[in-house]
Amino acid sequence: MGKLEEICEKKCVDHAMNLPPVPPPLPGPVINSHRARRSESRGQSSVSTATKDMWEKLFDEGYRADVVINTDNGGSIFAHSNILGMASPVMRGMLKQAKKHRGRRSIFIRGVPHDAVRVFIRFLYSSCYEKEEVEEFVLPLLVLSHVFVVVELKKLCVQRLVQGFLTTENVVDIFQLALLCDAPRLSFICHRMILRDFENISVTEGWKAMKESHPMLKKQLLESILDEDNRQKEWTRRVKEGKIYLQLYEAMEALVHICRDGCKTIGPYDRDFSGNETPCTYAACKGIEQLVRHFAGCKLRIPGGCIHCKRMWQLLELHSRLCLDSNVCRVPLCRNFKNKLRKQSKKDEIKWRILVKKMVRTKRIGGSPFFVSDICC
């Protein structure tokens, strides 16, 4: 009330002195404060239903429309140049070049159904759409959104296509459309689908039509299928190879465990397994223990004389290449193999070095850190 009394008192004084009244403050600060609040809550504001309804009504009724969009079969859609120009830079360029006729600019959108164009223009007004209409015209809408650079509608179309729309019959056609419309996510998903089910897709009408119209694309797809098949075979080979290297590492661990620590469950000593004892934590311990027992009593222990002894010789040599100090190592023949390495041929040396490198690398990839000292004494 104090502020109001001051204003009234000032007006009375001005009136008594015949001075013109002071005008009320401009609404500028109020507008600026609204802008500040909008900028502070950027990304959180939403358009009300009433506002969307107003834009929908403006499009439906075409109130004071200054553009007519001509479609196939003589169809026409009335719109407003300001809205079209703000929603699409391509539309803006078309409107600048369009000639006026009876106060309206006229532009043409051919090659897609009239209803699809109407759904597209409606989206430019309010970003609203009917789910059924998008599902019905998703392909022409993808083309329109790409041609007229409407990013949000393009994302919507791609999302709809990748969510259950692709089939064996249409995937080739949609793949070509995705390449033309620069939709990398859609083209990637189509490409993967063609690779996975090529046997069935290669007999569809879409594939036959593509072979005639785009032979280079067919060639690229066939090459990618061969590459994928080779990658799959290479991956399978590496998995099998990795398992072998991992088994070798586990065999090295078990060998040192038996010879250095003495396994408390089975061990290198002559004792039977008791039912109340817990199993050994080394996965390869039992197999290595049996191999050691066989190696100790085999009469054909020379390399090449017995397949089991040959495996034992290879394990002992592999261990010697990983052992840091053969002078204190308890694994049999470790020092002998160390001395033998100096006289080994270069070819054999390279072969063993590659084996050790791959075994160490496989263990690292497996997730457990590998230290040479772990299998040394």
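The values are calculated or read from the model by the stated rules, or taken from the named source; none is laboratory data. Here the structure is a predicted model, which is why all the values come from computation and not from measurement. As a convention, Cβ positions derive from the backbone with ideal geometry for all residues, glycine included, and neighbour counts pool all protein chains shown. Ligands, DNA and RNA are stripped out before the accessible areas are found, and what is left, the full protein with its side chains, is counted by its heavy atoms. Shrake-Rupley method; radii C 1.70, N 1.55, O 1.52, S 1.80 Å.
Please verify whether segment 157-169 includes one or more residues that are more than 22 Å from the chain's Cα centre (by Cα) and not in a helix (DSSP H, G or I). Full working, then the answer.
From segment 157-169, those more than 22 Å from the chain's Cα centre (by Cα) are 168-169; that's our starting set.
Adding the requirement that they be not in a helix (DSSP H, G or I) leaves 168-169.
For segment 157-169, residues more than 22 Å from the chain's Cα centre (by Cα) and not in a helix (DSSP H, G or I): present.
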Checklist line | Options Met54, Met86, Met91: the member that is in contact (Cβ under 8 Å) with a residue 40 or more places away in the chain and either touching a strand residue (DSSP E or B) at 6+ places or on another chain (Cβ under 6 Å) or in a helix (DSSP H, G or I) (or both) | finding: Met91
Notebook entry, point to check: Would it be correct to say that Gln232 is within 30 Å of Val134 (Cβ to Cβ), free of Cβ contacts under 8 Å to residues at least 12 places away in the same chain and not small (Gly, Ala, Ser)?
Noted result: no
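Open to solvent by less than 70 Å² (accessible area, probe 1.4 Å), within 22 Å of Asp53 (Cα to Cα) and within 26 Å of the chain's Cα centre (by Cα): does that describe Leu124? Give the steps one after another, and end with the answer.
Working: open to solvent by less than 70 Å² (accessible area, probe 1.4 Å): yes; within 22 Å of Asp53 (Cα to Cα): yes; within 26 Å of the chain's Cα centre (by Cα): no.
For Leu124, the condition - open to solvent by less than 70 Å² (accessible area, probe 1.4 Å), within 22 Å of Asp53 (Cα to Cα) and within 26 Å of the chain's Cα centre (by Cα) - is not met.
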Item checked: Number of the exception - Val239 against (1) on the phi > 0 side of the Ramachandran plot; (2) in a helix (DSSP H, G or I); (3) among the β-branched types (Val, Ile, Thr) -> (1)
Check: Do you know which residues across segment 131-156 are in a helix (DSSP H, G or I), without any contact (Cβ under 8 Å) to a residue 40 or more places away in the chain, within 22 Å of Asp72 (Cβ to Cβ) and among the hydrophobic types (A, V, I, L, M, F, W, C)?
Finding: Val134, Val138, Leu139, Leu141, Val143, Leu144, Leu153
Margin query: Condition (residue is basic (Lys, Arg), within 30 Å of Val151 (Cβ to Cβ) and in contact (Cβ under 8 Å) with a residue 24 or more places away in the chain) applied to segment 188-200: is it met by at least one residue?
Written below: no
Next item on the list: Assess whether Arg122 counts as being within 16 Å of Asn70 (Cβ to Cβ), at pLDDT below 95 and in a helix (DSSP H, G or I).
Entry: no
Notebook entry, point to check: Which residue out of Gly305, Gly262, Gly267 is open to solvent by less than 50 Å² (accessible area, probe 1.4 Å), more than 52 Å from the chain's Cα centre (by Cα) and at pLDDT below 75?
Noted result: Gly305
Checklist line | Every residue from segment 53-75 that is open to solvent by 50 Å² or more (accessible area, probe 1.4 Å) and aliphatic (A, V, I, L, M) | finding: Met54
Next item on the list: Please specify each residue of segment 159-207 satisfying the condition of being in contact with a Ser or Thr (Cβ under 8 Å, 6 or more places away or on another chain) and open to solvent by 80 Å² or more (accessible area, probe 1.4 Å).
Entry: Glu169, Leu179, Asn200
Checklist line | Candidate set: segment 209-227, residues that are among the basic types (Lys, Arg) and surrounded by 13 or more Cβ atoms within 10 Å (Cβ to Cβ); chosen: the one nearest to the chain's Cα centre (by Cα) | finding: Lys218
Margin query: I'd like to know if segment 209-218 contains one or more residues that are under 24 Å from Thr167 (Cβ atoms), part of a helix (DSSP H, G or I) and touching a residue at least 40 places away in the same chain (Cβ under 8 Å).
Written below: yes
Notebook entry, point to check: Restricting attention to segment 170-206, and to residues there that are among the hydroxyl-bearing types (Ser, Thr, Tyr) and assigned to a loop (DSSP other than H, G, I, E, B), which single residue is farthest from Pro140 (Cα to Cα)?
Noted result: Ser202
